[in-house]
Amino acid sequence: MQVKLVSNVLKANDQIAADNRRLLARGRTLVVNLMSSPGSGKTTLLERTIAELGEACPMAVVEGDLFTTRDADRIERLGVPVVQINTEGGCHLDAQMVRAALQDLPWEGRDILFIENVGNLVCPAAWDLGEDLRVAMVSVSEGDDKPAKYPRMFREAAAVVVNKLDLLSMTDFSLDRLEEDLRLLNPAAPIFCLSARTGEGLAAWVAWLKGRVAAKRDGAATVGVAP
Ligand SMILES: Nc1nc2c(ncn2[C@@H]2O[C@H](COP(=O)(O)OP(=O)(O)OP(=O)(O)O)[C@@H](O)[C@H]2O)c(=O)[nH]1
Ligand SMILES: [Mg+2]
């Protein structure tokens, strides 16, 4: 009974996600679902990306958090439209929450809509929000075993960001080990090793994003795989 209930809930979510996808397709806005453990640096990466891409690439942001508007406040300070979703303890965003957020967000005509998911490597992976692509992030202080231990998150990612590269020498994190494990799950996703704090490695990430925006504008059926 419990299994059936869960599967029904997920099915209902998928239908709303499909509605979101249809709605968002109208504007040719690239929709990116950014996921990681708590504190890997999702909001910091968004801040850096906004600063880097600037007005040439208008963006909007949906922030997911259990409580507080702290992440949305950080994005708002940069002049980017943002809506905060508080899940009140829920461990992931769902398509219904995103649908409600879109009503309050001037996303149309913007090049990128970023959705920062709730910090969690497990639950967000199961919930389609209507995004074009998923980006999975891990920071070097978390260890290089995350793809092997949380496969779904990394299997379905269009790109993987390894953040906090500035701390690499203080950890036993191995980029080779991470890549080896990741390739067993996901042979194609580009890996961007960067520091959202110092900006090292950011150029490749930004160039990839610009490529995905261009693909979306051109109406490419798939914007998530090609590097
Ligand atoms: N050294 C270092 N610290 C970083 C880097 N990126 C983020 N941080 C720090 O890591 C902490 C968490 O960063 P956030 O960007 O808030 O992380 P988050 O993933 O958005 O966190 P949640 O929204 O709580 O899941 C902050 O203290 C950041 O300053 C980085 O590249 N290097
Ligand atoms: Mg955050």
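The values are calculated or read from the model by the stated rules, or taken from the named source; none is laboratory data. This one's a predicted model, so the numbers in the text were calculated from it and none came from an experiment. For neighbour counting, all protein chains shown are included, and Cβ atoms are generated from backbone atoms with ideal geometry for every residue, glycine included.
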* Do you know which residues across segment 167-199 are surrounded by fewer than 16 Cβ atoms within 10 Å (Cβ to Cβ), within 16 Å of ligand 1 (Cβ to nearest atom) and in a helix (DSSP H, G or I)? -> Leu167, Ser169, Met170, Leu175
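More than 15 Å from ligand 2 (Cβ to nearest atom), over 25 Å from Ala125 (Cβ atoms) and not hydroxyl-bearing (Ser, Thr, Tyr): which single residue out of Gly54, Gly90 fits that description?
On the way: Gly90 fails: over 25 Å from Ala125 (Cβ atoms).
When all the criteria are applied, what remains is Gly54.
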* **Leading residue by the ranking (surrounded by the fewest Cβ atoms within 10 Å (Cβ to Cβ)) among those in segment 13-67 that are polar (S, T, N, Q) and more than 9 Å from ligand 1 (Cβ to nearest atom)** => Gln15
* Asked: Which one of Lys146, Lys164 is crowded, with 16+ Cβ neighbours inside 10 Å and on the phi > 0 side of the Ramachandran plot?
  -> Lys164
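Does segment 130-143 hold any residues that are buried (at least 19 other Cβ atoms within 10 Å of the Cβ) and within 16 Å of ligand 1 (Cβ to nearest atom), and which are they?
Selection gives Arg134, Val135, Ala136, Met137, Val138, Ser139, Val140, Glu142.
I'd like to check something: does segment 120-131 contain any residue that is among the small types (Gly, Ala, Ser), assigned to a helix (DSSP H, G or I) and under 19 Å from the mean Cα position of the chain (by Cα)? Please lay out each step first, then the result.
Within segment 120-131, the subset among the small types (Gly, Ala, Ser) is 125-126, 130.
Applying the additional criterion that residues be assigned to a helix (DSSP H, G or I) yields 125-126.
Filter once more, keeping what is under 19 Å from the mean Cα position of the chain (by Cα): 125-126.
There is at least one residue in segment 120-131 that is among the small types (Gly, Ala, Ser), assigned to a helix (DSSP H, G or I) and under 19 Å from the mean Cα position of the chain (by Cα).
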* **Contacts under 6 angstrom Cβ, first residue in segment 54-70 being under 19 Å from Met97 (Cα atoms), partner near ligand 2 (Cβ under 10 Å from one of its atoms) and at pLDDT 95 or above, 6 or more apart** => Val61/Ile75; Glu63/Asp71; Glu63/Ala72; Glu63/Glu116; Gly64/Glu116; Gly64/Asn117; Gly64/Val118; Asp65/Asp71
